[in-house]
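Colleague: This is the structure I want to talk about, given as structure tokens.
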């Protein structure tokens, strides 16, 4: 909620080992992502029973691409013990199986998105239906069904507070089943990283 925030890696992660977060840059970066890196609709369609088995070579590939998603196969292959052709096949298979994505990561501030917030949403009725409706909104980048005080956690990225108000009032609160909201506007993002490797 991932989220899909200020360095800011706006969606990249092989299915999000922890490494030190790098400073935000204006230029695009390419990384590998999984789980939070997947688009909301894609993540929602997956279930725990769909978990993909990956071997140590796959893990090595993912780890290398999380550092540099544009690493040439000619360089990646020797690092993971494969030929260039075999490495290309492995990477393509990981992408086709939905294990990872390689995407451009941007800084939302550089693109004019000045406000980011997490919205706690209370729901009466079908949580999945409400979550699905909210996930369709373009400015909502992250939707999760949660245990605890709120039924849903919704992350938004928008141009200014006027647009944030419109999203909260006209979109979230207007969604059938929503009974209450609480907005947590981000003041500062200390750390966000998607390069946590594999287990």
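Laboratory data are not the source of any read-out in this text; all were calculated from the coordinates shown. Computed from a predicted model, the values in this text were never measured in an experiment. Neighbour counts run over all protein chains shown; Cβ positions are idealised from the backbone, glycine included.
Colleague: Take 96, 182, 155 and order them by how many other Cβ atoms sit within 10 Å, fewest up front. The partial results should precede the final answer.
Modeller: Numbers: 96 8, 182 12, 155 22.
Result, fewest neighbours first: 96, 182, 155.
Colleague: Diagonalise the Cα gyration tensor of segment 111-185 and give the resulting equivalent ellipsoid semi-axes, square root of 5 times each eigenvalue, largest first, whole Å.
Modeller: Ellipsoid half-lengths, sorted descending, are 20, 11, 11 Å.
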